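Right, one structure below, let's go through it.
The values are calculated or read from the model by the stated rules, or taken from the named source; none is laboratory data. Everything quoted here is computed from the prediction, not taken from an experiment. Glycine also receives a Cβ, built like all others from the backbone with ideal geometry; neighbour counts cover every protein chain displayed. Calculation scope for accessible area: heavy atoms of the full protein, side chains included, ligands and nucleic acids excluded. Shrake-Rupley method; radii C 1.70, N 1.55, O 1.52, S 1.80 Å.
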Amino acid sequence: MSTTMLRPHSRQRWAGLAVLVLAVTLVAVDATVLSLAIPSISETLRPSGTQLLWIGDAYSFVLAGLLVSMGSLSDRVGRRRLLLTGSAAFGVASLLAAYAPSAGWLILARALLGVAGATIMPATLSLIRTLFPDARERATAIGIWGAAATAGAALGPVVGGVLLEHFWWGSVFLLNIPVLIPLLVLGRWLLPESKDPNPGRWDVLSVLLSLAGVIGVVYAVKEAASHGLLRWDVPPTAVLGAAALTVFVRRQLRLPTPLLDVRLFADRRFTAAVLASLTALIGLSGVVFVMSQYLQLVRGYQPLQAGLAELPAFAGAVAGGLLTARLARRAGVRAALTAGLAAMGVGLGIIGWMHQDSTYLLLAVAFLIVGTAEGVVYTLSADVVLGSAPADKAGAASAVSETAYELGTALGIALVGSVVGSVYAGSLLVPAGAGPDAAARAGESIGGAVEAAGTLPAQVAGPLLASARDSFVQGMNLAALLAAGLLLAASALAWFLLRERGAAAQGRTTEEERDTAGERDTAPERLAA
């Protein structure tokens, strides 16, 4: 074996999984809990517009930029050690954020939370491989892990809203402390240590290139979605980010012990799983971003009502994650993954035909299909990525899966938002009498149209709102249909990449297959082959 460790007994393994679920839920909640606190933070700390954007983005930017580096570091210093160290740092950064006296302080604290979060996410997934060498048990464990991540992201705004009803904005960060205490205490007892016995040097230049490349690309995508491709900082940031990633890949191919073995992408199973995760998150995040506006600004739902209306998507994602192992055993990884991507495409296609007054039941069905399929795709792709990589490189491989998650989220919001914004601006008809200022605000977004209508006479405001809502729905329909086409194309590509490869595939023998000899093998290595 490439990684020396003690095999915990069955009860301890599942108790250890509960600790890992605490960790991944913590990071997922923190990614979304801040959204409802922004108005209170604006009133108390009085940040500038740029500072407010960085308060929201610093966490996700740093997290995405460091996932690969921290995943590789966990292979070298020990996955349990890095998980517990990162969790302790997460608690310290949470305290700094909760009691931040200024906007700059809060931005720094959010960035530190991103650094700590980057140590937690890949370590949790790679430790699942250590805890569950049996492929059947591991598939179930990853399903629970994926369901916890989805549930945490869904619970973030709900928990944040409850806390803000009774406490100040800093309470959304103090929520982390009660979760961290049992994680740190039980983690040292229940989680085994594992690492690469021959890790090689941790290449600092590769770390910097990875950080600059991922942050550059994510920043450019987000800014292009918000301000357009011609914004002064978008093209140079995108070029620099892409150049940094290109140099990073070339350097990894030359290093004897790379930070990330990019040759893993030569394995079609690995590539198919990463692409599936990326495209699934593009579809889901784009839908959630657009539908939140549709529910509130087109259908007139209150924020809480809109949040409850989106619950079928999150509930479906949790259920999909929990059912993935059983589905993969019965249908096989290839069929389950491609069917999940295709089902997401169908769900998005339903949204592509919705109108302002469509029944909520139809919307709930679409949400449920998209969410359930995403839960299956995300969980199964994580399992395939983990099973395709060598055991001593599990941390770095897990980080690739998590980076695909972060990039998919950013790309989904950017691409879908760009399509909706373009169609909206081209279709909006501003009635005479609105005035140039109101027309300019209305042309920026549907939110601007609602704001502008509040300052206009009823005979002008009514037609303006009707045109704005109709234009937004047109953009939403087109974006949903394009996203559906992307998911269906990804489904076909995954089916092609996971096709059988004859005798070479049948002759492949892995450690997981030997561990499960005598049973019907459910490891991704053989089901996908």
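Miscellaneous remarks
- For the stretch 405-461, the spherically averaged projection of the C-alpha convex hull amounts to 4.3 nm².
- Net charge in the neighbourhood of G56 (other residues with Cβ under 14 Å of its Cβ; Lys, Arg +1, Asp, Glu -1) is -1.
- Convex hull volume per residue, computed on the Cα atoms of the stretch 115-168, equals 90 Å³.
- Accessible area, probe 1.4 Å, largest first, for residues L415, L487, L184: L415, L184, L487
- For the chain, the longest principal axis of the Cα atoms and the long axis of helix 333-351 meet at an angle of about 0 degrees.
- Surface composition of the stretch 172-212: carbon and sulfur atoms hold 75% of the protein heavy-atom accessible area at a 1.4 Å probe.
- Annotation: per residue accessible area for the stretch 398-440 equals 39 Å², rounded to a whole number [probe 1.4 Å, protein chains only].
- Summary: within the chain, the longest segment free of trypsin sites (Lys or Arg not before Pro) located in DSSP loops with at most 14 other C-beta atoms within 10 Å is 232-498.
- Taking N as the residue count of the stretch 160-270, its C-alpha radius of gyration divided by 2.2 N^0.38 Å amounts to 1.58.
- Accessible surface of V185, taken over heavy atoms with a 1.4 Å probe and every protein chain present, rounds to 100 Å².
- For the chain, the longest principal axis of the Cα atoms and the long axis of helix 360-388 meet at an angle of about 30 degrees.
- Set the Cα radius of gyration of the stretch 340-482 against 2.2 N^0.38 Å, with N its number of residues, and you get 1.41.
- Estimated from helical segments only, the mean residue ellipticity of the chain at 222 nm is -26500 deg cm²/dmol, where each DSSP H run of four or more residues counts as -39500 (n - 2.57).
- Entry note, the chain: relative contact order of 21 percent, from Cα contacts under 8 Å with a spacing of 6+ residues.
- Over the chain: Rg over Rh, Cα atoms, Kirkwood Rh: 0.98
- Radius 14 Å from Cβ of Y219, net charge of other residues (Lys, Arg +1; Asp, Glu -1): -2
- Under the Debye formula (equal points on every Cα, no solvent term), log10 I(q)/I(0) of the stretch 257-320 at q = 0.21, 0.24 Å⁻¹: -0.87, -1.01
- In degrees, nearest ten, helix 10-32 long axis to first principal axis of the chain (Cα): 30 degrees
- The residues of the stretch 259-358 have, on average, 38 Å² of accessible surface per residue, using a 1.4 Å probe with all protein chains present.
- The loop-placed chymotrypsin sites (Phe, Trp or Tyr not before Pro) in the stretch 144-253, going by DSSP, that have at most 15 neighbouring Cβ atoms within 10 Å of their Cβ come out as F167, W168, W202, W232.
- On the beta carbon distance between F496 and S48, with R0 = 41 Å, the FRET formula returns roughly 0.25.
- Local electrostatic count at A103 - Lys and Arg +1, Asp and Glu -1, tallied over other residues with Cβ under 14 Å: 0
- Solvent-accessible area of D357, all protein chains in place: 130 Å² (probe radius 1.4 Å, heavy atoms, ligands and nucleic acids excluded).
- Relative intensity of the stretch 199-346 on a log10 scale, I(q)/I(0) at q = 0.08, 0.21 Å⁻¹, equals -0.37, -1.19, per a Debye sum over C-alpha point scatterers of equal strength in the absence of solvent.
- In plain terms, the chain from L255 to I177 could stretch by 24.1 nm, reckoned as 0.36 nm per residue minus the Cα-Cα distance.
- Between A18 and A489, the contour length at 0.36 nm per residue exceeds the Cα-Cα span by 165.9 nm.
- Quotient of the Cα radius of gyration of the stretch 48-144 and 2.2 N^0.38 Å, N being its number of residues: 1.26.
- Each 10 Å bin from zero up to the one holding the largest Cα-Cα distance in the stretch 314-393 carries the following percent of pairs: 19, 43, 25, 10, 3, 0.
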